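A.B. asks: I am attaching a structure below and will ask some questions about it afterwards.
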Amino acid sequence: GMGGESLAGMFGAMDHDHVMSFDSDQLFDAAGAMGGADFQFMDADSAFGMFDSMGFDQALELEGDSLAGMFGAMDHDQIMDFDAGQLFDAAFGMEAEHFGFMDGDSALGMFDSMGFDQAMDLQGDQLAGMFGAMDVTAYEEMGKDQVFEAFDTMGFDQAMGMGGESLAGMFGAMDHDHVMSFDSD
C-alpha cells in the first residue's frame, strides 16, 4: 500500500540476497504494484534479484511497463546473461512506449543478447521502441547495412515516432546510397 515509488526505493536499498529471501509471489505482487518509472529507484542488483527470484516465466506475466522498468534498472551484463529466446519473448510482450522505461545500456543489452536476426522478427513498433531507447552511438557500432535493414524492418512511420535524436542517429549511421533510396517526401 506504500505506492510504487516508495516500494521500489525500499527494494533498491536492499542487496541481492535480501531481495532473494522473499517469496517469488510476494515479489511478483510488489513488481506489479510498481509502474515502469518506479524501477528507476532500484539499483541493478536488487532489480536483478527480484527478477531472478520470480523467474522468467512469472516475470513475463507483469505488465509491459513494469517489465521494461525492471530491465531498465538492470545493467547490460545482467541482461546479456538471459537467454536470447526469453528476451525476445519479453520484448514481444511490450508495447513501443514501454521501451521508454529502459535506458540505452539495457536496451542495447537486450538487442545484443537477442542478436540482429532475432530482433528483426519483432513488430515494427517494438523495434522502433527498442532503437528509440538506445543511445544513438550504438547505431554506429551496428554497421550501416544493419541500421538500414532495421529502419526498413520497423517501417518509416514507426521510425518517425522514435524522436528526432534517434532518427538523426539512424540516418547518420547509414551511407549515402541508403539515404538516397528513400522517397524525397
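A.B. asks: For region 45-66, does any single residue satisfy the condition of being in a helix (DSSP H, G or I) and under 27 Å from GLU140 (Cβ atoms)?
C.D. replies: No, region 45-66 has no match at all.
A.B. asks: Also, quick follow-up: Which pairs have Cβ atoms under 9 Å, sit 6 or more apart or on different chains, and link a residue in region 128-151 that is closer than 13 Å to ASP105 by Cβ to one that is outside any helix (DSSP H, G or I) and acidic (Asp, Glu)?
C.D. replies: Cβ pairs passing all conditions: ALA133/ASP103; ASP135/ASP103.
A.B. asks: Please go through region 51-88 and give me each residue that is surrounded by 15 or more Cβ atoms within 10 Å (Cβ to Cβ) and either of a type in the set (Asp, Glu) or free of Cβ contacts under 8 Å to residues at least 12 places away in the same chain (or both), ordered by number.
C.D. replies: ASP52, GLU63, ASP65, ASP75
A.B. asks: Being under 18 Å from GLN123 (Cα atoms) and either in contact with an Asp or Glu (Cβ under 8 Å, 6 or more places away or on another chain) or of a type in the set (Val, Ile, Thr) (or both) is the filter here, so list the residues in region 149-185 that pass it.
C.D. replies: THR153, MET154, GLN158, GLY161 - these are the residues of region 149-185 that are under 18 Å from GLN123 (Cα atoms) and either in contact with an Asp or Glu (Cβ under 8 Å, 6 or more places away or on another chain) or of a type in the set (Val, Ile, Thr) (or both).
A.B. asks: For region 29-43, what are the residues that are more than 7 Å from GLY69 (Cβ to Cβ) and part of a helix (DSSP H, G or I)?
C.D. replies: ASP29, ALA30, ALA31, GLY32, ALA33, GLN40, PHE41
Every number in this text was worked out from the coordinates using simple rules, so none of it is lab data. All values reported here derive from a predicted model rather than from experimental measurement. Positions of Cβ are generated from backbone atoms using ideal geometry, with glycine treated the same way; all protein chains shown enter the neighbour counts.
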